[in-house]
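The values are calculated or read from the model by the stated rules, or taken from the named source; none is laboratory data. Bear in mind that the values here come from a model prediction, so they are computed numbers and not experimental data. Glycine gets a Cβ as well: all are built from the backbone with ideal geometry, and neighbour counts include every protein chain shown. Quick note on the areas: whole protein, heavy atoms, side chains included, nothing else; ligands and nucleic acids left out. Shrake-Rupley method; radii C 1.70, N 1.55, O 1.52, S 1.80 Å.
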Amino acid sequence: MSTSIGKTVLAGGVEICRILNGMWQVSGAHGHVDPVKAADEMLLYYDAGLTTFDMADIYGPAEEIYGLFIKRLAKERGTEAVNKVQGFTKFVPRPGPMTKQVVESAIRESMKKMNVSKIDCVQFHWWDYSDSRYIDAMVHLMDLKSKGLIGEVSLTNFDTTRMKEMTDKGIILSSNQVQYSLIDTRPAVKMADFCLKHNIKLLTYGTLCGGLLSEKYLNQPEPKSRSELNTASLSKYKRMIDAWGGWRLFQELLNTLDTVAKEHHVSIANVATRYILDQPAVGGVIIGCRFGVPGCQHIDSNLKTFNLKLTNSDSEKIKSVIKRGNNLMSMIGDCGDEYR
């Protein structure tokens, strides 16, 4: 069966794949990464039609690896091929003065590392809401957009209250990158409605819980040791599962997903991804790429998500389990509150 790559267009006109290639996994918290091999492997994702890459200025060598990839792509295939790639990064400054010079210097540094003359999307993260200089940063990012250095001005891990504050000040937001999965459905509480009203896309991470939402953990004993939860993702999302309802309820969810997956001849990961892609306001799901790690390349599997159509019955089966979990909105707060 041929695959039609699902795409969406952000507010500023940048068209992206609805499955984005996440590069947190090269930051150092998931094991050693060879930059040259990682850049080489990015070509495989590109050739499969998965052309949107998500990184950050704090993800170790991620921007440099992307730059190596772009350089090789330009050399071997030309400018036209490079123009088919979308590179998203994040601006994650330490709290401090957000002058025009500070913001522009950081963006130009990312541009240099990424080997681009324009960043398709800059996603801004701020650690402390009590320091209102995040508004200054956003104003300067919008100015850089007007100068053609940025395609889309976006957020990562901001809550709905701060998003409203920005839009009320006339700042046009293209997207907000937040955690959203069958375990963590906080974006559905109020953020999704706000985003739909203001043409803001949700770009979601943690949708596969670092790989826990897969056949590998189906009917398996609860992993507890550091050797079992041996990546930053696994340990992070195992804590989310504990907060949501624990391993027993998680196993009920995995078994339900497995039943649905087998009916459609796909994987648990496909079902978990498709379910979130079908949620209102979701523009895309970010799936981590462990470049150069044997057995961790899931290109063909990811592509199957685009051909999957969940029925109402499928969705109801899944909802019947996830609604039994704890209310993470009341426990943690709105999206991003776990970082503050």
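Remarks
- Test result for Leu218, over 14 Å from Val282 (Cα atoms), of a type in the set (A, V, I, L, M) and modelled with pLDDT under 95: no
- The set of residues in the range 319-337 being crowded, with 18+ Cβ neighbours inside 10 Å and either β-branched (Val, Ile, Thr) or in a loop (DSSP other than H, G, I, E, B) (or both) consists of Val321, Ile322, Gly325, Asp334, Cys335, Gly336.
- Of the strands (runs of 3 or more DSSP E) lying entirely inside the range 7-89, the ones with 1 or more residues being buried (at least 20 other Cβ atoms within 10 Å of the Cβ) are found at 15-17, 19-22, 52-54.
- Among the residues examined, Asn176 does not qualify as more than 23 Å from Met23 (Cα to Cα) and either of a type outside the set (Lys, Arg) or touching a helix residue (DSSP H, G or I) at 6+ places or on another chain (Cβ under 6 Å) (or both).
- Here Val103, Val178 are screened, and the one residue that is open to solvent by less than 10 Å² (accessible area, probe 1.4 Å) and more than 17 Å from Gly283 (Cβ to Cβ) is Val103.
- Considering each residue of the range 154-165 in turn, none proves to be without any contact (Cβ under 8 Å) to a residue 24 or more places away in the chain and either in a loop (DSSP other than H, G, I, E, B) or more than 30 Å from Asp278 (Cβ to Cβ) (or both).
- Enumeration of residues in the range 118-170 that are of a type in the set (A, V, I, L, M), touching a strand residue (DSSP E or B) at 6+ places or on another chain (Cβ under 8 Å) and open to solvent by 40 Å² or more (accessible area, probe 1.4 Å): Met142
- For the range 101-126, a tally of residues being part of a helix (DSSP H, G or I) and either under 24 Å from Thr204 (Cα atoms) or in contact with a Leu (Cβ under 9 Å, 6 or more places away or on another chain) (or both) returns 7.
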